[in-house]
Amino acid sequence: MDDGVPIAVTYYTPSGTPPATGWPAVMMLHGLGQTRNSFDISNWSANRVAETYLVPNGYAVLTFDARAHGQSGGLFSLDGPRELQDTINLFHWLMSRPNIDANRIGAFGVSYGGGMVWLATVYGVPFAAIAVAATWTDLREALEPQGLVRSGVIVGFSQSIPQSRYDPTLAGLLQEMLSEHDTPALRTFLAARSVRPQLRGFNIPTLLLQGRRDFAFDADQALSAFKLLTGPKRLYFGNLGHAPAANPPDELQYYAGEVLHWFDRFVKRVPSTLGSRPNVLLAADPWTRKVKSFVGIPPTRSLRFTFNGSATLTAAGKVVRTTASVPHIETFGAPTVRLRISTRTQYRHLVVVLTAVRPDGSELVVTDGGAATSTLGSKVRTITLRLPDEITSIPRGSRLRLTFAATSTVQSIANLVYLNSVPDASTALIGRVTLTLPVLRKPVSP
């Protein structure tokens, strides 16, 4: 690169004679801690998808190991200015290759790579079309919603890259975040890696692939973007993404086909009706090849549950509220929990986990959220917690349960989203609670 750091690449060209204007091309960007050759979601790797789906169908493809990944040098700064410049430089390198159509270059990125595809596009890289999978559009909302750091998610991501390859600035900010220090520098850092404020009026053809259940980047990361886009757009929700997504290998064939058809339409410019309507596709869970297509956002309705009474929450304890049994429902949209709360000791943050207790007694985590609550005092206040949008099929006869605590591990030792505790002497009084749960008017999944 222009700073002397080597970036490892693989460059593919199709066999045969190129079109008169040159080959259409695609840049492919891998996920965090991965390489162009390593397997990510659904046994996905940039090179495998290139070799299986794109090159045989007439695309030149450029894959590369992101800075501080694999065979590339440099330091990691989480899709920072240096990584952005690498992507810009590689785009210009690709468009200058012999027999490449410089006006017909697309980009496909997964997770960390998807974040960079968004960034490069809003910063002016003239992609003909983009596809992004299992990624974010608002990084603060993903990692620190309502001011409360999702420490387990951050710790998991931070271990994907050796600390020796961290940019020093990032290493310091990581410690600030895990210590719940919401500083201006941290807010600036997250905002610089988020594109949602720039997406209103964005008209580059965009295919979004997002997990139904992805505890790193929820469905709303894609859905909020979809609502803002004004160009051709298509949104697929499937069983892909970060934990707890199942990532069935058979589903890769389906959404890789979606990517290929999207690039055929908007990179190759093959005439079709694809993209003429803003379709949202929702795959059933578990994956059965059943995919329901909607024009626009699927129709939903809201269920509301109210719990009266009050209970004291201690630092290591929990307060639980459980509904009566519900019919078969499938959530779609961000649940909200509105509650009355007070504290005489301070209770600096609050976590709530929404679960479904199935008829057999097993408990399924639907979603969990939280908020910084350091400003609470002895006067009773009403606060609202907005939970991530995890599209979840809940069996008939299940009971919905809210667990209030300081950490998500109080609900289950395996629930590692929120790990930071509160001081031992902390107590809070939780009163009336109202859960509002958006669900599909008609479930797609069994």
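Sub-9 Å Cβ pairs linking a first residue in the range 290-304 that is at negative phi to a second residue that is of a type in the set (Phe, Trp, Tyr) and in a strand (DSSP E or B), at least 6 apart or interchain, are VAL291/TYR236, ordered by first then second residue.
Within the range 198-214, not a single residue is touching a helix residue (DSSP H, G or I) at 6+ places or on another chain (Cβ under 7 Å) and within 23 Å of ALA68 (Cβ to Cβ). Among the candidates ALA8, ALA20, ALA68, ALA60, the residue that is of a type in the set (A, V, I, L, M, F, W, C) and at positive phi is uniquely ALA68. Of PHE108, PHE76, all but one fail to be buried (at least 20 other Cβ atoms within 10 Å of the Cβ) and out of contact with any Phe, Trp or Tyr (no Cβ under 7 Å at 6 or more places or on another chain); the exception is PHE108. Inclusion of VAL352 among residues that are buried (at least 17 other Cβ atoms within 10 Å of the Cβ), part of a strand (DSSP E or B) and β-branched (Val, Ile, Thr) is warranted. Every condition in (1) part of a loop (DSSP other than H, G, I, E, B); (2) farther than 13 Å from THR314 by Cα holds for THR434 except the one numbered (1).
Looking at the structure I just gave you, is GLY317 under 28 Å from the mean Cα position of the chain (by Cα) and not aromatic (Phe, Trp, Tyr)? Taking the combined requirement at face value, the residue does not satisfy it. Within the range 142-171, the set of residues being closer than 15 Å to SER408 by Cα and in a loop (DSSP other than H, G, I, E, B) comprises GLU144, LEU148, VAL149, ARG150. Selection of the range 99-117 for residues being in a loop (DSSP other than H, G, I, E, B) and either within 26 Å of the chain's Cα centre (by Cα) or at pLDDT below 95 (or both) yields only SER111. Every condition in (1) in contact with a helix residue (DSSP H, G or I) (Cβ under 7 Å, 6 or more places away or on another chain); (2) modelled with pLDDT of 95 or more; (3) of a type in the set (Asp, Glu) holds for ASP65 except the one numbered (1). Within the range 210-233, the set of residues being assigned to a strand (DSSP E or B) and surrounded by 24 or more Cβ atoms within 10 Å (Cβ to Cβ) comprises GLN210, GLY211. Starting from residues that are of a type in the set (A, V, I, L, M, F, W, C) and assigned to a loop (DSSP other than H, G, I, E, B), keep the ones in the range 234-263 and report whichever is surrounded by the most Cβ atoms within 10 Å (Cβ to Cβ). Filtering the range 234-263 for residues that are of a type in the set (A, V, I, L, M, F, W, C) and assigned to a loop (DSSP other than H, G, I, E, B), the one surrounded by the most Cβ atoms within 10 Å (Cβ to Cβ) comes out as LEU240. Identify all residues within the range 401-425 that are within 21 Å of THR375 (Cα to Cα), out of contact with any helix residue (DSSP H, G or I) (no Cβ under 8 Å at 6 or more places or on another chain) and surrounded by 19 or more Cβ atoms within 10 Å (Cβ to Cβ); write none if there are none. Selection gives PHE404, ALA405, ALA406, THR407, VAL422. Whenever a residue of the range 356-368 is touching a residue at least 24 places away in the same chain (Cβ under 8 Å) and within 14 Å of THR323 (Cβ to Cβ), its partners that are surrounded by 11 or more Cβ atoms within 10 Å (Cβ to Cβ) and acidic (Asp, Glu), lying with C-beta atoms within less than 9 angstrom and at least six residues away or across chains, give the pairs ALA356/GLU363; VAL357/GLU363; VAL366/GLU390. Pairs linking a residue in the range 257-281 that is of a type in the set (Gly, Ala, Ser) to a residue that is in a loop (DSSP other than H, G, I, E, B), with Cβ atoms under 7 Å and 6 or more positions apart or on different chains, are GLY275/PRO205; GLY275/PRO232. Taking the condition surrounded by fewer than 18 Cβ atoms within 10 Å (Cβ to Cβ), at pLDDT 95 or above and closer than 16 Å to ARG338 by Cα, does LEU429 pass? So LEU429 fits the description; yes. Scanning the range 174-202 for residues that are more than 21 Å from the chain's Cα centre (by Cα) and in contact (Cβ under 8 Å) with a residue 12 or more places away in the chain yields GLU180, ASP182, ALA185, GLY201.
Out of GLY275, GLY333, I need the residue that is modelled with pLDDT under 95, in a loop (DSSP other than H, G, I, E, B), buried (at least 19 other Cβ atoms within 10 Å of the Cβ) and touching a helix residue (DSSP H, G or I) at 6+ places or on another chain (Cβ under 9 Å). Which one? Matching residue, one of GLY275, GLY333: GLY275.
For THR206, are the conditions met, namely being modelled with pLDDT of 95 or more, among the hydroxyl-bearing types (Ser, Thr, Tyr) and more than 22 Å from PRO81 (Cα to Cα)? Write out each step before concluding.
Values: modelled with pLDDT of 95 or more: yes; among the hydroxyl-bearing types (Ser, Thr, Tyr): yes; more than 22 Å from PRO81 (Cα to Cα): yes.
The answer is yes for THR206.
Could you check the range 378-424 and list, in sequence order, the residues that are farther than 25 Å from PHE237 by Cα, part of a loop (DSSP other than H, G, I, E, B) and among the β-branched types (Val, Ile, Thr)? The answer is VAL380, THR407, ILE413, VAL422. Annotation note: Cβ proximity below 6 Å between a residue of the range 32-43 that is within 20 Å of TYR254 (Cα to Cα) and a residue that is of a type in the set (Ser, Thr, Tyr) and outside any helix (DSSP H, G or I) (sequence gap 6+ or interchain) occurs for PHE39/SER45. Of all residues assigned to the range 125-145, none qualifies as being touching a residue at least 24 places away in the same chain (Cβ under 8 Å), surrounded by fewer than 19 Cβ atoms within 10 Å (Cβ to Cβ) and touching a strand residue (DSSP E or B) at 6+ places or on another chain (Cβ under 9 Å).
The values are calculated or read from the model by the stated rules, or taken from the named source; none is laboratory data. Remember, it's a predicted structure, so these values are computed and weren't measured experimentally. With ideal geometry, Cβ positions are generated from the backbone for all residues, glycine too; neighbour counts draw on all protein chains shown.
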